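The values are calculated or read from the model by the stated rules, or taken from the named source; none is laboratory data. Owing to the predicted nature of the structure, the values given are computational and were not obtained by experimental measurement. A quick note on method: Cβ atoms are made from the backbone with ideal geometry, for glycine too, and the neighbour counts reach across all protein chains shown.
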Amino acid sequence: MTASNEWWRTAVIYQIYPRSFADGNGDGIGDLAGITGRLDAVAELGADAIWLSPFFTSPQRDAGYDVADYCDVDPLFGTLADFDAMRERAHALGLKVIVDLVPNHSSSDHPWFQDALAAAPDSGERGRYIFREGRGDTGELPPNNWQSVFGGDAWTRVTEPDGTPGQWYLHLFDSSQPDFDWTNEEVRKLFRAVLRFWLDRGVDGFRVDVAHGLAKVDGLPDYTPPADSGSMGGDEPDVPYWAQDGVHEIFRDWRRILDEYEPARILAGEAWVQPISKLANWVRPDEMHQTFNFGYLETAWDAGALRAVVDSSLDSFGSVGAPSTWVLSNHDVIRHTSRLALTPPPVQGSGIGPRTQPKPDAVVGLRRARAATAFMLGLPGSSYLYQGEELGLPEVADLPDEAREDPTFLRTGGELYGRDGCRVPLPWEAAAPGTGFSTTGASWLPQPAFWPSYARDAQRGIPGSTLEFYREALAARRAHGLGSGALEWVEGTGEGLLAYRNGDVLVIANVSAGAAPLLDGEVITASGPLGEGVLPGDTTVWLRAPKG
Ligand code: GLC
């Protein structure tokens, strides 16, 4: 049994993307008051915790991942008092609250960056970021060849206060997101204070943005990634800006701060690092508590590949005493309802849009997604859900170009669609204006015409709906203690089938398109309709396991 102080080892953590969850003031952008008003739905779903993407002061050039003040709420989302009300409501409902920490970069609107622009090249103000002289006769070329995750150069040249073309600053993401220099003690001090600010305000933990990017190799050597590598990158060995050893002492420093608080507060790292055995270094006992398992997210719907990634996850995380985590969707990837119907899956960040051919088949995609979710929720450890997946929402492909806001779309001249398609505001009530997302019907990204058919109220209480399937699976997961269980593969179930036992539950996934015979046994839940003695293709069933 997991000690209650270690709630995070088995938690199902529901990601709220504030601008798209619920809009309390009718301006078309979700906000904290909107979240507070709709939190019952998350508790009713059966989640243990919520993680909120950034709601801090920000010019919103990267949807809030460009923070101008780490210790305040952007007026778009409300006030600190609205945050307190939201946190209180969440805690009253038994939900832990995790907020996003964005330490790799600030917004270019952050006072420190504005001070750096106004200061001299070798000043202390510039030393908090990564400013360098350019190459070429007059410094007209960027200091190295690094490319931004969102496309284009990772460097932008500044105009010095005297009007002359000057130094360059590094931004692994948008030019509005200058990277901090984490060798600078002032930067470390700032983030210690940010951690304490939110801990003292009662948060239960932090999801740490780009936790594989904080340390860069000295001298910033050139690096050319392989053409097919995903944009968030740490999959290749020796990338001079990803997964450097220097990140670990930063996490140890933060862990010491978190350990001063009771009950346990957690750090969950967003680290795109492969192989999983290397990623396990992020969750050694004195570092983070959890890290996202993007190796799992990126695994195709294939029995052999799934078995291999589950084994390497349990082995690698288990070897350092950490729980494995599992995730299928978030605000940066194509929703798994659509992704699992695409072969081969596109690289992270590319998105789908009008030019994507062939289009993912919505029926196949949803069937696979539900089967994949049932397979995931039976696994021991902690699982992340992304808002809207419990409704079976697909990625929205047909957003008009002018509505798209993702810097990936803007910086690649539309060549990559980016991540807007998974960020369309949620449908709550089929018949309400804006499907109940806002009182006025306004929505910062247009909701497609088919949205009402996915609305929460159209699924609530309807047997077989995606929402009821999620609720049933989460309730059974809790009742059978699967989060704190142990996995044992069951052999010999047949080709295309993958089966494991966790405690008294036998999970069988039919990862092929064709039907398979269904073992006798009491059905606890299933991702889709079962035939008489038949496990249809792309379907997962949980049976009460025979004793022994
Ligand atoms: C992380 C976030 C993503 C953001 C990026 C830059 O990957 O999840 O949304 O764009 O970091 O902060």
**OP:** Please specify each residue of segment 390-409 satisfying the condition of being in contact (Cβ under 8 Å) with a residue 12 or more places away in the chain and acidic (Asp, Glu).
**Re:** 390, 395, 398, 401, 405, 406
Original post:
Of all residues in segment 300-330 being buried (at least 19 other Cβ atoms within 10 Å of the Cβ) and assigned to a loop (DSSP other than H, G, I, E, B), which is nearest to the ligand (Cβ to nearest atom)?
Top reply: 330
Original post:
Quick one: how many residues across segment 102-129 are closer than 23 Å to residue 163 by Cβ, within 16 Å of the ligand (Cβ to nearest atom) and assigned to a loop (DSSP other than H, G, I, E, B)?
Top reply: 2
**OP:** Would you mind finding the one in 219, 166, 213 that is at pLDDT 95 or above, away from the ligand (no atom under 16 Å from the Cβ), farther than 22 Å from residue 264 by Cα and surrounded by 15 or more Cβ atoms within 10 Å (Cβ to Cβ)?
**Re:** 166
**OP:** Give segment 244-295 a look and list any residue that's over 20 Å from the mean Cα position of the chain (by Cα), outside any helix (DSSP H, G or I) and either among the hydrophobic types (A, V, I, L, M, F, W, C) or at pLDDT 95 or above (or both), or say none.
**Re:** 244, 245, 246, 259, 260, 261, 264, 284, 285, 286
Subject >> residue 474 being surrounded by fewer than 20 Cβ atoms within 10 Å (Cβ to Cβ) and at negative phi >> reply: no
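Yes/no per residue for (1) in contact with a Leu (Cβ under 6 Å, 6 or more places away or on another chain); (2) part of a helix (DSSP H, G or I):
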| residue | (1), (2) |
| --- | --- |
| 7 | no, yes |
| 13 | no, no |
| 36 | no, yes |
| 50 | yes, no |
| 66 | no, no |
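Within segment 93-101, does at least one residue satisfy the condition of being at negative phi, charged (D, E, K, R) and more than 16 Å from the ligand (Cβ to nearest atom)? Reasoning before the result, please.
Looking only at segment 93-101, we keep the residues that are at negative phi, and these are 93, 95-101.
Of the ones still in play, those that are also charged (D, E, K, R) are 96, 100.
When the remaining residues are screened for being more than 16 Å from the ligand (Cβ to nearest atom), the result is 96.
Yes; the residues of segment 93-101 include at least one that is at negative phi, charged (D, E, K, R) and more than 16 Å from the ligand (Cβ to nearest atom).
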Original post:
more than 30 Å from residue 94 (Cα to Cα), surrounded by 15 or more Cβ atoms within 10 Å (Cβ to Cβ) and within 16 Å of the ligand (Cβ to nearest atom) - does that describe any residue in segment 247-263?
Top reply: yes
Original post:
Taking segment 162-209 as the search range and keeping residues that are outside any strand (DSSP E or B) and of a type in the set (Val, Ile, Thr), which one is farthest from residue 13 (Cα to Cα)?
Top reply: 164
**OP:** Within segment 477-492, track down each residue that is out of contact with any helix residue (DSSP H, G or I) (no Cβ under 9 Å at 6 or more places or on another chain) and surrounded by 14 or more Cβ atoms within 10 Å (Cβ to Cβ).
**Re:** 478, 480, 481, 485, 490
Original post:
Which residues, counting only those in segment 350-373, are buried (at least 22 other Cβ atoms within 10 Å of the Cβ), more than 16 Å from the chain's Cα centre (by Cα) and not in a loop (DSSP other than H, G, I, E, B)?
Top reply: 365, 366, 367, 368, 369, 370, 371, 372
**OP:** For segment 130-153, enumerate the residues that are within 16 Å of the ligand (Cβ to nearest atom) and either without any contact (Cβ under 8 Å) to a residue 40 or more places away in the chain or not aliphatic (A, V, I, L, M) (or both).
**Re:** 146, 147, 148, 150, 151, 152
Original post:
Could you give every pair whose Cβ atoms fall below 9 Å, whose first residue belongs to segment 410-436 and is over 26 Å from residue 385 (Cβ atoms), and whose second residue is within 16 Å of the ligand (Cβ to nearest atom) and aromatic (Phe, Trp, Tyr), counting only separations of at least 6 or pairs across chains?
Top reply: 410/150; 411/150; 412/150; 415/409
**OP:** Give the number of residues within segment 169-186 that are in contact with a Lys or Arg (Cβ under 6 Å, 6 or more places away or on another chain) and within 16 Å of the ligand (Cβ to nearest atom).
**Re:** 2
Original post:
In the list 39, 32, 80, which residue meets the criterion of being at pLDDT 95 or above and over 28 Å from residue 333 (Cβ atoms)?
Top reply: 80
Original post:
Can you name the number of the only condition in (1) surrounded by fewer than 24 Cβ atoms within 10 Å (Cβ to Cβ); (2) away from the ligand (no atom under 16 Å from the Cβ); (3) of a type in the set (D, E, K, R) that residue 339 fails?
Top reply: (1)
